[in-house]
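Here the structure comes first, spelled out in structure tokens, and everything after it is commentary.
Bear in mind these aren't lab numbers, they're just calculated from the coordinates by the rules spelled out. Because the structure is a prediction, the values reported are computed rather than measured. Positions of Cβ are generated from backbone atoms using ideal geometry, with glycine treated the same way; all protein chains shown enter the neighbour counts.
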Amino acid sequence: MNKSAISEFIVTWLKDYVTSSGLQGFVVGVSGGVDSALTATLCAMTGKPVSLVNMPIRQKEDQFDRSAQQIGALEKRYPNVTEYTVDLTPSFTQFSRDLPDFAANHALSMANTRARLRMTTLYAIGQSKGLLVAGTGNKVEDFGVGFFTKYGDGGVDISPIADLMKTEVFELAAFLGVNQAILDAPPTDGLWEDDRSDEQQLGATYAELEWAMTFEGDETTLNDQEKYVLLTYRRFNAMNKHKMIPIPVCTIPKEYKLI
């Protein structure tokens, strides 16, 4: 993996895209995880205006601190970076109160609501400042297991790291000087009160899921763990397919419209 060439390619792609869009720069939600840290770094390297937003919602202190430290480090290195902290806990709490009890007490629904509140925040900031919302999803999440929230962290304008596997994200992030605390932290989406990790939610490591995503061999030769991982990958891929394909459109036959 030519880390220097890849980082330069992504930065050039970002600069070319924002120039062609007629907008000014980028806004990135920084969560304290490696994907958002890498995306924020690559956007900062463009020299274009970049707003980095820390959006805690009943957040674990270590997650908030990692995000704040990464944003602070980028602010020191890049004069084009501006930091914003938007505490969404009061908004989330009020929204929970406004919902019917059956919705407010549905754990998965409310976890995804956190991601959707953050998306709304990024677009409010982005639109007011003429910025593109830069997505932070990697390849295995965006195109393998669909491990993102529809219209949440999946609601973006561009996806600069979506052709990188998670292991490649870690390599590139380390190369570009992402804070060590972020590199060492177990990946988590930060949407749950119990701070469960991505691996706990998915039932397999990212390296295992990457293997399953590219597997084309003879399944009869696999051991029990490999069979389990392949089954897990295929289950998530099928279940989340609706996130990874265009929204179905009911196309009306022309003859019906002529009647």
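At a glance:
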{"item": "Chain lengthening between K76 and Y228 when straightened (0.36 nm per residue, less Cα-Cα)", "result": "50.2 nm"}
{"item": "Between segment 232-257 and segment 125-187, the Cα center-to-center distance that results, in Å", "result": "24 Å"}
{"item": "Estimated vicinal HN-Hα couplings, Hz - segment 10-18 in sequence order (Karplus 6.51, -1.76, 1.60; Gly, Pro = x)", "result": "5, 4, 5, 4, 4, 5, 5, 5, 5"}
{"item": "Rel. contact order, % - alpha carbon contacts under 8 angstrom, at least six apart, segment 3-244", "result": "21 percent"}
{"item": "Chain lengthening between K3 and Q200 when straightened (0.36 nm per residue, less Cα-Cα)", "result": "68.0 nm"}
{"item": "Set of lysines with alpha-carbon distance to K48 below 16 Å, sequence-local pairs under 8 removed", "result": "K15, K76, K129"}
{"item": "Calculated from backbone phi, Karplus (6.51, -1.76, 1.60) coupling profile of segment 223-240 in Hz, x at Gly/Pro", "result": "7, 4, 5, 5, 5, 4, 4, 5, 5, 4, 4, 5, 5, 5, 4, 5, 5, 9"}
{"item": "Full-extension gain in nm, D163 to D62, via 0.36 nm per residue minus C-alpha separation", "result": "33.5 nm"}
{"item": "Label-point separation in nm, T19 to L176, each point 7 Å along Cα→Cβ", "result": "1.9 nm"}
{"item": "Placed amide H near T188: partners under 5 Å, 5+ positions off or other chain", "result": "D198"}
{"item": "Radius 14 Å from Cβ of R116, net charge of other residues (Lys, Arg +1; Asp, Glu -1)", "result": "+2"}
{"item": "The chain - Rg (one decimal) and Dmax (whole number), Cα, Å", "result": "19.5, 66"}
{"item": "Cα-based reach from K166 at 18 Å (exclusive), listing lysines while leaving out same-chain residues under 8 positions away", "result": "K3, K139"}
